[in-house]
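Structure first, then comments.
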């Protein structure tokens, strides 16, 4: 029981999501896929956004929807571990999603519409084609830049993103007072080697850890 409260006290983040209930497989599949594509994590079903334990009405129905989402609304399918916990007469489901060895996974958001997602802080964010290429490289265990020291300009990006949720190309240019081409090269280099993620589904492209 204390483990549940420890989880709730942590609050939502890159590896933890609260769900009052599972409304539809297409909705929960985005969360499941984003966790599998990032570092794995857990979903607490029966806990609201404020961390209050509300419980689920029908645990069997919730588990059925979660299994449906993982098997038929995620490609490749996902394997979940689901644990039921009783708290003051309420049932909470602790859904564990391991980090996948078969990235990238995509979630079905509508008929014939499959999209990739990654976890950025406490949100499931749609991936760009560039990010999906990086996920594929990770699965193949291709060499990464980590073995080489990063220069000051590259380290500055990582330092900035530890303090801020995202950075854009103009922000990075202003941060280091460098030109567009040089700044763009650095951001793409860091993306391709898995240090940061590239997002292009909004009006302006941005990058996150």
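So what is the relative contact order of the stretch 2-126, in percent, for Cα pairs below 8 Å that sit 6 or more residues apart?
This gives 33 percent for the stretch 2-126.
Under 8 Å for C-alpha pairs, at least 6 residues apart: give me the relative contact order for the chain, rounded to a whole percent.
That works out to 19 percent.
Quickly work out the residue 133-to-residue 67 label distance, labels modelled 7 Å from Cα along the C-beta direction, and quote it in nm with one decimal.
4.0
What spacing in nm lies between the two simple spin-label points modelled at residue 192 and residue 205, each 7 Å away from Cα in the Cβ direction?
1.3
Here are some values of Rg/Rh (Cα atoms, Kirkwood Rh): (i) 1.15; (ii) 1.02; (iii) 1.06. Which one was computed from this structure?
Label of the calculated value: (ii).
What percent do you get for the relative contact order of the stretch 151-209 when only Cα pairs under 8 Å and 6+ apart count?
Computed value for the stretch 151-209: 39 percent relative contact order.
If you rank 188, 167, 196 by fewest surrounding Cβ atoms within 10 Å, what's the result?
Ordered from fewest to most neighbouring Cβ atoms within 10 Å, 188, 167, 196 come out as 188, 167, 196.
Return the percentage of antiparallel bridges among DSSP beta bridges fully within the chain, rounded to the nearest 5 %.
Around 90 percent of the beta bridges assigned by DSSP in the chain are antiparallel ones.
In deg cm²/dmol and to the nearest 500, what is the mean residue ellipticity at 222 nm of the chain if only DSSP H runs of at least 4 residues count, each as -39500 (n - 2.57), divided by the residue total?
Rounded to the nearest 500, the figure is -12000 deg cm²/dmol.
Mind pulling the angle between the C-alpha long axis of helix 25-37 and the longest principal axis of the chain? Nearest 10 degrees, somewhere in 0 to 90.
Approximately 50 degrees, to the nearest 10.
Counting other beta carbons within 10 Å of each Cβ, put 184, 195 in order, fewest first.
Fewest-to-most Cβ neighbours within 10 Å comes out as 184, 195.
Obtain the nm distance between the two label points defined at residue 75 and residue 162 by a simple spin-label model: each point lies 7 Å from its Cα along the Cα-to-C-beta direction.
4.0
Read-outs throughout are calculated quantities, based only on the coordinates presented, and are distinct from any laboratory measurement. In this text the structure is predicted, and so the values were computed from the model without any measurement. Because the Cβ atoms are built from the backbone with ideal geometry, glycine has one as well, and the counts that use them run over all protein chains shown.
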